[in-house]
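> This is the structure I want to talk about, given as structure tokens.
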Amino acid sequence: DMDALPIEEATGLPYASKTPGLMHACGHDGHTAMLLGAARYLAETRNFAGEVAVIFQPAEEGGGGADAMIKDGLIERFKIDQVYGMHNGPGLPVGAFAIRQGPLMASTDSVDITIEGHGGHAAKPHNCIDSLMVGAQLVTALQQIVARNVDPLEAAVLSICEFHAGNARNVIPQSAVLRGTVRTLTPKVRELMEKRVREVVTGVAQMTGAKIDLSYTRGYPVVVNHAEQTEIAIRAAKEVAGDANVHEMPPMMGGEDFAYMLEARPGAFIFVGNGDSAGLHHPAYNFNDEAIVYGTSFFIKVVENTLAA
């Protein structure tokens, strides 16, 4: 998942960073080890006909490394026809895999809102435009989009996760800042969410008299697994782990920039079990080294099955 969580010293969680900042515990060192293992085995055995590009992609977490590599000519330079990716999955037993055809992980769009009101004394609110109150109305009104505009059989998430306003108990703040994220699984719902966010912001501005600036930024696309490549991935996973250990999973509302790869070429993204560990990005998360052999074997099977000698 692309989202890093700010971990403060005050959390008191095990292994929490003592320096406020971004916590990124996701197991990419383990992913690198898996792919290195597969590359070494494939280079030594050559039990396949064709060419294999082993992609070590930087900046997955918010940097859009996949997009940058594609724009830099990755697909054309290495003549890539199809592409496969993997991530470890806490809560999924070691030795198991999870995957689904179609939408797997959500698009990730960003909402940045700046409210400019008219500050003043807390005892004279009639002389002010209270940016904090406007922000509170926005938080509430924006939640109604998912509740009342999105088809209940579709999926969408809108979370306002930052609200900054004021610095004194007796001063109505001049300005406020809200930041959040929007997650969807289809282009139709993605369009609806942006349209309604813009309309709600405009409506609250008109209702309150505040000036509200909205920056709505499209982020990662939806991760969509292609049908044929999903079947190839399932076959490889079953050969590695057995039929009973390859599970069909529901979509996740987290994001992943492998979506760009899957827009550029057909392919599939799969999760490999990390066992009973803390969740991704949690300060107590730990990559399970026992998962490496399964990830490595999966990549090897995909190559040898797809490019059978």
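Each value in this text was obtained by applying a stated rule to the coordinates, not by laboratory testing. Model, not experiment: these values are computed from the prediction. For neighbour counting, all protein chains shown are included, and Cβ atoms are generated from backbone atoms with ideal geometry for every residue, glycine included.
> Contour minus end-to-end for ALA59 and ALA141, with contour as 0.36 nm per residue of separation and end-to-end as the Cα-Cα distance?
Full extension from ALA59 to ALA141 adds 26.1 nm.
> Normalise the Debye intensity by I(0) for region 107-217, one equal point scatterer per Cα, no solvent, then take log10 at q = 0.11, 0.13, 0.20, 0.22 Å⁻¹ and round to two decimals.
Log10 I(q)/I(0), no solvent term: -0.36, -0.49, -0.96, -1.11.
> Enumerate the calculated ³J(HN,Hα) couplings along region 107-120 in order (Karplus 6.51 cos²θ - 1.76 cosθ + 1.60, θ = phi - 60°), each rounded to whole Hz, writing x wherever the residue is Gly or Pro.
So the Karplus estimates, Gly and Pro as x, are 5, 10, 10, 10, 10, 10, 10, 10, 10, 10, x, 9, x, x Hz.
> Further question on the same structure: Using the beta-carbon distance between ARG179 and ASN149 and R0 = 30 Å, what value does 1/(1 + (r/R0)^6) give for FRET efficiency, to the nearest 0.05? Walk me through the numbers on the way to the answer.
Details: r = 21 Å, r/R0 = 0.71.
With R0 = 30 Å, the Cβ-Cβ based efficiency is 0.90.
> Enumerate the lysines that LYS211 could reach by cross-link, defined here as Cα to Cα under 27 Å, with residues fewer than 8 away along the same chain left out.
Here the lysines satisfying the reach criterion relative to LYS211 are LYS124, LYS195.
> Contour minus end-to-end for ALA68 and ALA168, with contour as 0.36 nm per residue of separation and end-to-end as the Cα-Cα distance?
Values: separation 100, 0.36 × 100 = 36.00 nm, distance 4.40 nm.
This chain segment gains 31.6 nm when fully extended.
> Which order do the peptides 165-172, 134-141 take when ranked by the mean count of other beta-carbon atoms within 10 Å per residue, highest first? Write down the numbers at each step before the final one.
Details: 165-172: 12.8, 134-141: 19.4.
With the highest mean Cβ count within 10 Å placed first, the list reads 134-141, 165-172.
> Oh, and also: Amide H neighbours of VAL171 under 5 Å, counting only residues 5+ apart in sequence or on other chains, H built in-plane at 1.01 Å?
Under 5 Å from the amide H of VAL171: ALA122.
> If amide hydrogens are placed 1.01 Å from N in the peptide plane, which non-local residues have theirs closer than 5 Å to the one on TYR220?
THR108
> Starting from the 7 Å offset along Cα-to-Cβ, what nm value, one decimal, do you get for the label separation of ALA308 and ARG218?
About 4.0 nm separates the two model spin labels.
> I would also like to ask the following. Quick one: MET105, MET34, fewest Cβ neighbours within 10 Å first, how do they rank?
MET34, MET105
> Against the globular-protein guess of 2.2 N^0.38 Å, express the Cα radius of gyration of the chain as a ratio, rounded to two decimals. Let's see the in-between values first.
On the way: Rg = 23.0 Å, N = 309, 2.2 N^0.38 = 19.4 Å.
Taking N as the residue count of the chain, the ratio is 1.18.
> If Lys and Arg each add +1 and Asp and Glu each add -1, what is the summed charge of the other residues whose beta carbon sits under 14 Å from the beta carbon of ARG100? Let's see the in-between values first.
Values: positive: none; negative: GLU231, GLU248, GLU256.
So the surrounding residues net to -3.
> Compare ASN274, ASN88, ASN288 in a GNM of the chain, Cα atoms joined below 10 Å, and give the one with the largest fluctuation.
ASN288
> Taking 7 Å along the Cα-to-C-beta vector as the label spot, tell me the LYS211-ASP112 distance in nanometres, rounded to one decimal.
In this crude spin-label approximation the distance works out to 1.8 nm.
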